[in-house]
Amino acid sequence: MPNKLQNTHIKIGEVNTLKVERDTDFGLYLAAQDFHEVLLPNIYVMEDEMPLGALIDVFVYTDSEDRPVATTKMPYAKLGEYGYFTVVDYKSYGAFVNWGLPKDLFVPLSQQKEYFNIGKKYILRICLDEQTGRLYGTQKIGKYFNRDMKGLHPNKEMEIVVIAKTPLGYKVAADSQYEGMLFDNEIFEEVKIGDRKKAYIKTVRKDYKLDLSLQPIGKKAKAEEAQDKVLRLLKEQGGQLSFTYKSDAEEIQKVFGLSKKNFKHTLTILIETKQIVLHEDCITFNSASFV
């Protein structure tokens, strides 16, 4: 495991690795290399794990008086990332959403594309006001997508957040930088707004958007992933699954994320390679292969 590196300076909205500099009645003061400090309140202090001089990872944001403060809790999304947040309060000047920390995240009225309702969830990007040092959420995310597509290529794995439903499928934010699309006819598992998933680039488009797939691109990669999934689920269920060639297509898609055609093909490969045995009402591991 590599040694931790102390942050050069404190970064609001990010995870910082800081040095425990001094102990006070209010908590621990943590320092970056430039000697700037931030308070970690007593509620987050674990004395046995945070001796003076130790390097610890904390998230830094601002408190109700706009002072930087550290916490060992992590928000649902950090600076530059996207999340699906519930509105907990609404004022004439903006809304407040729960983002997993004691102080709710502010969404200014100017950053809302529609009227926010308390209890409803919205996709937001976490941003930083450089003048005040405050973090805020914005619903106006289009201008933040990256148009520099260098280094992107088919089958590159990306982390996505599902941000909207469209007539063709789902719009997503990929690696918190790029706008992408999942098409309905290529989705074989449940997808909802706010979901975080792995996806793979199918096409890098000329309009600076990505066509994405939830399965690796290429027959070989898809086949190997399907086999691994069947074997993993078989192991998790104690070595037996109540699925055969005749199983219901919707149930197959729900459990395995595969079309019935691909599922049957996967079973055939696993049977022929003697990894599983097909019974009348289930599949099991081949005991000769798994001893």
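The values are calculated or read from the model by the stated rules, or taken from the named source; none is laboratory data. No experiment lies behind these values; they were computed from the predicted model shown. Note that each Cβ is placed from the backbone with ideal geometry, even for glycine, and that neighbours are counted across all protein chains shown.
Things worth noting here:
- Within the range 172-199, being surrounded by fewer than 20 Cβ atoms within 10 Å (Cβ to Cβ) and within 15 Å of the chain's Cα centre (by Cα) holds for Asp175, Gln177, Val191, Lys192, Ile193, Gly194, Asp195, Arg196, Lys197, Lys198.
- Members of the range 50-64 that are part of a loop (DSSP other than H, G, I, E, B) and under 23 Å from Thr138 (Cβ atoms): Asp63, Ser64
- In the range 200-211, of all residues being buried (at least 18 other Cβ atoms within 10 Å of the Cβ) and of a type in the set (D, E, K, R), the one that is nearest to Ser259 (Cα to Cα) corresponds to Lys202.
- Comparison of Lys150, Lys103, Lys140 shows that the only residue that is of a type in the set (Lys, Arg) and either touching a helix residue (DSSP H, G or I) at 6+ places or on another chain (Cβ under 9 Å) or modelled with pLDDT of 95 or more (or both) is Lys140.
To keep it simple, each residue is scored yes or no on (1) outside any helix (DSSP H, G or I); (2) crowded, with 16+ Cβ neighbours inside 10 Å; (3) touching a residue at least 40 places away in the same chain (Cβ under 8 Å).
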| residue | (1), (2), (3) |
| --- | --- |
| Phe243 | yes, yes, yes |
| Lys246 | yes, no, no |
| Phe263 | no, yes, no |
| Leu267 | no, yes, no |
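- On inspection, Phe116 passes the criterion of being surrounded by 15 or more Cβ atoms within 10 Å (Cβ to Cβ) and without any contact (Cβ under 8 Å) to a residue 40 or more places away in the chain.
- Condition check for Leu135: of a type in the set (A, V, I, L, M) and either over 26 Å from Tyr178 (Cα atoms) or in contact with a Phe, Trp or Tyr (Cβ under 7 Å, 6 or more places away or on another chain) (or both): yes
- Where a residue in the range 72-96 is without any contact (Cβ under 8 Å) to a residue 12 or more places away in the chain and its partner, wherever it lies, is of a type in the set (D, E, K, R), with Cβ under 7 Å and at least six apart: Phe96/Asp89; Phe96/Asp104
- Selection within the range 166-181 - free of Cβ contacts under 8 Å to residues at least 12 places away in the same chain and of a type in the set (Asp, Glu): none
- Residue that is among the basic types (Lys, Arg), on the phi < 0 side of the Ramachandran plot and out of contact with any Gly (no Cβ under 9 Å at 6 or more places or on another chain), where the choices are Lys192, Lys171: Lys192
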